[in-house]
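Participant: Please read through the structure below; I'll follow up with questions.
Quick note: the coordinates plus some simple rules give every number you see, no bench work behind them. Everything quoted here is computed from the prediction, not taken from an experiment. Cβ placement follows ideal geometry from the backbone for every residue including glycine, while neighbour counts extend to all protein chains displayed.
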Amino acid sequence: MKTPAILQLDRMSRAARIGWIVVMLVVMGPVHALALEHVVFRRGETERTVDGELVSETQDGGIMVLAADGALWRIEPKELVSRRTDKTPLEPLSADALAQKLLAELPEGFAVHKSAHYVVLYQTSREYAQWCNSLLERLHHAFTNYWTHRGFKLSKSRFPLVVIVFANRASYVEYAKAEVGDAAKSMLGHYNLDTNRIAMYDLTNGTGVRYTRSGFNLAAGTVATIIHEATHQIAYNCGLHARLSDCPVWFSEGIATFFETPDLTSQRGWRTVGQINTTRFARFQQYLARRPADSLTTLLSDDKRFHDTQQGLDAYAEAWTLTYFLLRRHPKEYVKYLEHLSRKKPLLWDTPEERIREFEAVFGDVKELDREFLQYLPRIR
Ligand SMILES: [Zn+2]
């Protein structure tokens, strides 16, 4: 990939070349995989250093760097103090090194539980951490199986997947408010695209739910939240989407809600991936009565409905229903579209028109698809 681009550059005029260099830095991530950036920047009163792979660079000199713990650092031009590059490749931290780094960052009282794909830092009972971890590993297995069977080639996560489990809501909110603000108070957990970590708390805390031989018997809705966030984390680390790329929210949320419905009685397979998500579908059925004729278009063309408190739940419900329909009726096209989206690079934003065009290039006319979608609904039961 490197050589032809350089040859092409040599043949171009200087003016064209300047334009090209900007585009190349953004588009050609892999070229930079062999180099390490050492960046010093000032954020607020603090001067910080970060070493990592250059992921993208904006025209005004802002950069995005991927560090060895899997965190993405977006550094504004005005924050940048100095920058130097060498030829060392980025060496992701091992699970042990990552655990040590996190223990040093987090408040007192955390212990570590490691498994094949996860590093769980917990302030809870060991049983609870192990139960969460087994849930996550089962999800990971089911998730990778599901896409592999549908012909999508997943990549192996470059970093151990980090999950931080706080003892109670108060300590979670204390940590999460820096990332999500006041919304943390009403959340059970979240996945952060910048740090690449999931944070949550002991959901049995204060509920009276006790450990039994079959684990913790939490309400299905509560478990769905853990699964939802964990699905995002796997999807962003195993190549379904690139972090901070313009993957449409309906698409990433459609996948997260599609996996939300685990059969907790099944110890192994999660045989039931793709079951009807009754909560989301009931919501969509309520929405149908007031669903505007252009609902599918607004869902596909931008992410606004997801960020609006009035419309958010309807948008999630429609994302689940559409995803379910597409995976049932147009699985080949869905995987083709997934492949297309998975190649999107960070920080390059599509216009609403581009989103529709790219969607229609795979699934055909949106209006026609909407008719087929509505006709399919009675079959969902
Ligand atoms: Zn989500």
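Participant: Using a 7 Å offset from the Cα along the Cα-to-Cβ direction at both THR144 and THR58, what is the distance between the two label points in nm, to one decimal?
Facilitator: Inter-label distance under the simple model: 3.6 nm.
Participant: Turning to a different aspect of this structure: List the residues of segment 272-306 whose backbone N lies under 15 Å from a point placed 7 Å from the Cα of LYS336 along the Cα-to-Cβ direction.
Facilitator: In segment 272-306, the label zone of LYS336 (backbone N under 15 Å from the point 7 Å along Cα→Cβ) covers no residue.
Participant: Convert 4 °C to kelvin, take the viscosity as 1.567 mPa s, use the Kirkwood radius over C-alpha pairs of segment 95-237 as Rh, and evaluate the Stokes-Einstein diffusion coefficient in µm²/s, rounded to a whole number. Intermediate values should be presented prior to the final figure.
Facilitator: Numbers: Rh = 15.6 Å.
Approximately 83 µm²/s, per Stokes-Einstein.
Participant: Okay, moving on. Determine the gain in length on full extension of the stretch GLN286-ALA178; use 0.36 nm per residue of separation and subtract their C-alpha separation, reporting nm with one decimal.
Facilitator: Stretched fully, the GLN286-ALA178 segment lengthens by 35.3 nm.
Participant: What percent do you get for the relative contact order of the chain when only Cα pairs under 8 Å and 6+ apart count?
Facilitator: Details: 552 pairs, mean separation 45.4, N = 381.
For the chain, the relative contact order is 12 percent.
Participant: Obtain the nm distance between the two label points defined at ASP86 and LYS304 by a simple spin-label model: each point lies 7 Å from its Cα along the Cα-to-C-beta direction.
Facilitator: The two pseudo-label positions are separated by 5.0 nm.
Participant: Let me ask something else about it. If you place +1 on the Cβ of every Lys and Arg, -1 on the Cβ of every Asp and Glu, and leave all else neutral, what size is the dipole of the chain about its Cα centre, to the nearest 20 Debye? All intermediate terms of the calculation are to be shown ahead of the outcome.
Facilitator: Details: 48 positive and 45 negative charges, 202 e Å.
Magnitude of the dipole: close to 960 debye.
Participant: Can you give the FRET efficiency to the nearest 0.05 for ALA116 and TYR376, using r as the Cβ-Cβ distance and R₀ = 25 Å?
Facilitator: 0.10
Participant: Under 25 Å Cα to Cα from LYS332, which lysines show up? Leave out anything in the same chain fewer than 8 places away.
Facilitator: Candidates past the 8-residue exclusion: LYS153, LYS156, LYS344, LYS345, LYS367.
Participant: Give the long-range amide H neighbours of SER56: residues separated by 5 or more places, or on another chain, with amide H under 5 Å away, using H modelled in the peptide plane at 1.01 Å from N.
Facilitator: HN-HN under 5 Å from SER56: MET64.
Participant: Sticking with this structure for a sec: Let me make sure I get this right: for the chain, a, b and c are the square roots of the gyration tensor eigenvalues over alpha carbons, sorted descending. Under 1.5 in a/c it's rounded, otherwise prolate if a/b > b/c, else oblate. Which is it?
Facilitator: Details: a/c = 1.81, a/b = 1.11, b/c = 1.63.
Verdict is oblate for the chain.
Participant: Compute the FRET efficiency between ARG357 and SER186 as 1/(1 + (r/R0)^6), taking r as their Cβ-Cβ distance and R0 = 45 Å, and round to the nearest 0.05.
Facilitator: 0.75
Participant: Further question on the same structure: Once phi is turned into θ = phi - 60°, what whole-Hz ³J(HN,Hα) does the Karplus curve with 6.51, -1.76 and 1.60 give for every residue of segment 157-163, x standing for Gly and Pro?
Facilitator: With coefficients 6.51, -1.76 and 1.60, one gets 4, 6, 10, x, 7, 9, 10 Hz.
Participant: Long-range amide H contacts for VAL162: which residues qualify at under 5 Å (H placed 1.01 Å from N, peptide plane, sequence gap of 5 or more or a different chain)?
Facilitator: VAL119, ILE198
Participant: Antiparallel versus total DSSP beta bridges in the chain: what percent is that, nearest 5? Please report the intermediate quantities before stating the final value.
Facilitator: Details: 32 of 42 bridges.
Antiparallel: roughly 75 percent of the beta bridges in the chain.
Participant: Counting alpha carbon pairs within less than 8 Å and at least 6 residues apart, what relative contact order, in whole percent, applies to segment 148-252? Don't skip to the end; give the middle numbers.
Facilitator: On the way: 112 pairs, mean separation 32.1, N = 105.
This gives 31 percent for segment 148-252.
Participant: On to the next question. Specify the inter-centroid distance of segment 215-251 and segment 96-144, based on alpha-carbon positions, in whole Å.
Facilitator: 16
Participant: Picking from ALA178, LEU369, GLN100, whose Cα lies most toward the positive end of the charge dipole for the chain (charges on Cβ: Lys, Arg +1; Asp, Glu -1)?
Facilitator: LEU369
Participant: With θ set to phi - 60°, apply the Karplus curve 6.51 cos²θ - 1.76 cosθ + 1.60 along segment 194-204 and write out the HN-Hα couplings as whole Hz, x wherever there is a Gly or Pro.
Facilitator: 7, 7, 6, 10, 9, 10, 7, 9, 5, 7, 8
Participant: Magnitude of the Cβ-charge dipole of segment 167-261, K/R +1 and D/E -1, about the Cα centre, nearest 20 debye? Intermediate values should be presented prior to the final figure.
Facilitator: Working: 7 positive and 9 negative charges, 77 e Å.
Dipole of segment 167-261, to the nearest 20 debye: 360 debye.
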